Every structure is written in C-alpha cells, then in structure tokens.
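Shown next, in structure tokens, is the structure this report addresses.
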Amino acid sequence: MSNNNQKIVKFNRDIKVNAATCIIAAILLYVVICVVIASRKEPITTYKVNKSNISNNITLEGIALRDEEVISTTKSGYICYYIRDGEKIQKNSTVCSVDETGQIYNVISDVDEYDALLTKEDYDSIRALISLYKVDYSDSSFYQAYNFENNLNNKVLELNNEILMQQINDTTNTTALTGIYSPYSGLVTYYIDGFENHTVADINQGSFDKSKYSKQTLKTGDVVATNSPIVKIVPSEKWNIVAPITQEQISAISDSEYINFKINNSSYEVYMPYEIINGADGTYINISLDKYMSNFVSERYLTIEILKKDDTGLKIPVSAIVDKDVYKIPISYFSAGSNQSNANRINIQILDENGEITIKQVAPTIYDSDEEYCYVDPLAFSATDVLLDINSNKTIAVSLLTTSQIQGVYSANRGTAEFKKITIIKTVDEFALIESDEDLKIYDNIILDSSTVKENQIIY
C-alpha cells in the first residue's frame, strides 16, 4: 500500500476559554479562599441572655454580748448538775451539788447495765450534735473542732448527771452533797470564754479573730478545786449583737432606722432598731435585743443576715460588656419629620454643586436622653456634616460635638455584631444584672467576649 494513501488527521490541542469556564473557576477559587479564611478565624462564642435575680441581703459576723454572772464553788469535789444547759432557774434554786468524797459517783458503778439507762432520745441528741458539726465543717474553720469536742463532752456529761441523779433519788444517802444555789433567776449555761465582762465599747477587730477564741466548758467530770467556776447565769433577756460593717453596707440600710434580719439562718425574722458605732479601728453595727437570747445562750459568734429586696433583671457576662462613644446633641436640634409628630430627626445642611444650601433629614439611633441632650449613634453622620437647629437657625459641625460613653453589648440575633445599650443594676463576680425593659430582651444571643468583634461585623 502506498504511503500516499495514508491520511494523518491532526487534532487541535488548544483549549478554548469561554465565559462559563471563567465563572466556574472564580466560584471555586472564592469557595476555597472562604474555607481557608474560615478555618483560620477564631470561633466567636455567643451567650443566651436569661432572667435572673441577685440577693441584696447583707451577711455579717457578730458577737453576742450578755449580762453573764459566773458562779464558783466554795468547796472541792465532784459536781452533780441538776439543770440542763439553756434552761431557766429561779433565784435561790439549787443549780448543782458538790460531792466532796466521791461517794455518790460510786453509786453508778453498781448499775449492771449502764447503757440501759440511756433512752433513744438521749442517743438521738448526741447524733444530732455530731450531724450538725459535720454539716458546718470546713477546713478553713478547723478550730471549731475544739468547740465541738467541748459541746459533745458537755452533752455526755449532762446525760451522765441525769443518770446519776436518777440513782441518787433511789438512795437515801445524800449527806455527802453540798448544794450550790443561784443568786439570780435566769438562764443557765456551762461555759466561759473571756467575754463575760465585755461591753459594746470593748469590742475591736481582734474580738472577731476566731482562731484565737477559746471556749472552756465547765462540765468536765473531773474533781473541781475550790473557787473554780462551775456555772454561768444569764439573768436578763436583754442582749446585744455587735458586728463590723462597711460604708457600702451602711448605705444599703440607711433608708430606715430598723433592720429586718435572721440570726444563724433561723426560720424566723427579727425586726429591731440599730446604731452605727465608729470605733478606733473600724465601724460597727450594734443591735439591741430583748428576746430570742435563750436560743443562742450557748453561742458567742453569730451570723446575722440583713434581709433586703432582691434585684431582678437580665443576667449577662461581664466579658460581653463594651463601652461605646456617642455624640451629645442638644435636644433643640431635633425636630419631627413629615407626617409624624415624634421629634427624633436631625436636620443636616448640605452644600450642592451650585453652592446652594439644602436640608437633609436623618433619623439617628438615640440611645438615651436627659433634660438637655440626646446621646446619639455617631454612625448616622459623617465628619463633615453640619447640624441645623431650625428653630433658632444655629448650626454646629459634627466634628465639634461633645462625646460621651455608654455601655452595651453586641447582639448576635441577625448575624452581625449589633450594639445594644444596657443599664447595669449590679455586678457580682463575673456576671452583671441589667435592666430588662430596654433593647436587650430575654433569650437574645449576645457576643460572649466583646473584644473579639467590632460593631456591625458579620459573625456568621
């Protein structure tokens, strides 16, 4: 076959570029760039606004001051107590007896089953004392363990004395007992701590150092020496609670001469007058009472909670709050627009190409106002604008306007960082309580950290 009969067909290898190819390539490139940029951007976290309330109650640590009379024994021996801690006693009644020989204490050793003398209520009272200590325990107040030991020993000795008295009543030999009589009527308690003779004037900052506080129980079960304190009588229901207080706390209660408070988180409220004492080392509140003393006769340190009305509003993180500069524009520069009566528009002078002055109206965002000024979003104006007061024909350049700062957050409801003004009621730790009747509403989404965005930035 002749080579002349062979035909060689050459294909055109040039790629023709048309408009469709360019558009597809551009779209693909844009998508790739967007993915790369999005992968490098820090994620923007939002926070859902919730309704909340903040307690305004004031908690103070106070010292109870009472009229306390310590009675000592004139003889040595074992003490047999007849009155429970916290019970009332009449004047000249027997508080306890002194067993000089120990003969009466030996009576109880003749009982075959000592445990049988303790009732279920006796065991329950001991368990309750232990449970109360476990609930209140913390490492920072370990010193309370010594008070707990004293209280527990006091309770056991109290039950022991009841058993002893039960055995004494079954015998006729009581000649070895010497009675101790109360010179007053009042409440009986069995501890001393050095505050017995203190008055309100004696209280200072050192009085509240609980780590140095020592409470000595008078019921020890040991032989008591002559002239040793054995019981304390509180003859009057009048007493005082003194506590350190700050100037901020004083301002919070200064609207009334009376305060409503609870003592040691009790179920009842107390309503009493108070006075503020300016001491040499601090300021103190002094509350004089004439009731409830019997409930706390065995306690020196008390927690008082002054009850105040709670604040209610919207709860937001402090990190979401941002300061914004706004223009202070005199109210006289605002006027109503056409077909409306609300004076919320600003007249701006504009110089056209022919050198003639025309007027343009804008409706800026007004964040707040007072008797003289409106606080306006600066984004509604350019730096070269001139504002006109149509009533007086006065003008003022935007560049000469005074600025002020307001607080707000960035709302994320519409996909952009939109500024919303807020009014803070109170700040506690990392959160703030704000007014609920403004632009920001419950369940709105806001930017958690305002420093991560700028106003009107697209966030998603």
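The values are calculated or read from the model by the stated rules, or taken from the named source; none is laboratory data. Just so it is clear, the structure is predicted and the values come from calculations on it, not from any experiment. Backbone-built Cβ (ideal geometry, glycine too); neighbour counts: all protein chains shown. Note: accessible area is taken over every heavy atom of the protein model, side chains too, but ligands, DNA and RNA are not part of it. Shrake-Rupley method; radii C 1.70, N 1.55, O 1.52, S 1.80 Å.
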(Q) List pairs: first residue in the range 333-352 and of a type in the set (Val, Ile, Thr), second residue open to solvent by 70 Å² or more (accessible area, probe 1.4 Å) anywhere in the structure, Cβ distance under 9 angstrom, at least six positions apart or on different chains. (A) Ile346/Gln361; Ile348/Ile359; Ile348/Lys360; Ile348/Gln361; Ile350/Ile357; Ile350/Ile359; Ile350/Lys360
Q.
Restricting to the range 291-330, name every residue that is among the basic types (Lys, Arg), under 26 Å from the mean Cα position of the chain (by Cα) and either more than 30 Å from Trp239 (Cα to Cα) or open to solvent by 10 Å² or more (accessible area, probe 1.4 Å) (or both).
A. Lys308, Lys309, Lys315
(Q) Six or more apart or on different chains, Cβ atoms under 7 Å: show the pairs whose first residue is in the range 263-274 and without any contact (Cβ under 8 Å) to a residue 24 or more places away in the chain and whose second is surrounded by fewer than 11 Cβ atoms within 10 Å (Cβ to Cβ) and part of a loop (DSSP other than H, G, I, E, B). (A) Pro273/Glu257
Q: Among the residues of the range 393-409, count how many are assigned to a strand (DSSP E or B) and in contact with a strand residue (DSSP E or B) (Cβ under 7 Å, 6 or more places away or on another chain).
A: 11
Q: Read through the list (1) closer than 26 Å to Val188 by Cα; (2) in contact (Cβ under 8 Å) with a residue 12 or more places away in the chain; (3) over 22 Å from the mean Cα position of the chain (by Cα), then give the number of the only condition that Ala243 fails.
A: (3)
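Just to be sure, is Ser207 modelled with pLDDT under 90 and either loosely packed, with under 15 Cβ neighbours inside 10 Å or within 20 Å of Asp281 (Cβ to Cβ) (or both)?
no
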Q: Could you check how many residues of the range 231-258 are surrounded by 13 or more Cβ atoms within 10 Å (Cβ to Cβ) and touching a Pro at 6+ places or on another chain (Cβ under 8 Å)?
A: 1
Q) Here are Glu275, Glu305: which of them is touching a Leu at 6+ places or on another chain (Cβ under 9 Å), assigned to a strand (DSSP E or B) and charged (D, E, K, R)? A) Glu305
Q: Report yes if Asp439 is under 28 Å from Tyr460 (Cβ atoms) and either in contact with a helix residue (DSSP H, G or I) (Cβ under 8 Å, 6 or more places away or on another chain) or open to solvent by 30 Å² or more (accessible area, probe 1.4 Å) (or both), otherwise no.
A: yes
Q. Considering only residues of the range 337-370 that are over 26 Å from Glu418 (Cα atoms) and small (Gly, Ala, Ser), which is nearest to the chain's Cα centre (by Cα)?
A. Ser341
**Q.** Residue in the range 410-424 that is assigned to a loop (DSSP other than H, G, I, E, B), within 30 Å of Asp352 (Cα to Cα) and open to solvent by 30 Å² or more (accessible area, probe 1.4 Å) present
**A.** no
Q.
I need a count of the residues in the range 259-290 that are closer than 30 Å to Cys96 by Cβ, open to solvent by 50 Å² or more (accessible area, probe 1.4 Å) and out of contact with any helix residue (DSSP H, G or I) (no Cβ under 9 Å at 6 or more places or on another chain).
A. 1
Q: Restrict the check to the range 123-134 and report whether at least one residue is part of a strand (DSSP E or B), surrounded by 10 or more Cβ atoms within 10 Å (Cβ to Cβ), of a type in the set (A, V, I, L, M) and at pLDDT 65 or above.
A: no
**Q.** Residues (open to solvent by 40 Å² or more (accessible area, probe 1.4 Å) and either closer than 17 Å to Ala397 by Cα or in a strand (DSSP E or B) (or both)) located in the range 331-351
**A.** Ile331, Ser332, Arg345, Gln349, Ile350, Leu351
Q: Examine the range 15-31 for a residue that is within 51 Å of the chain's Cα centre (by Cα), more than 30 Å from Thr416 (Cβ to Cβ) and at pLDDT 70 or above, and state whether such a residue exists.
A: no
Q.
closer than 30 Å to Asn53 by Cβ and part of a loop (DSSP other than H, G, I, E, B): which single residue out of Glu438, Glu371 fits that description?
A. Glu438
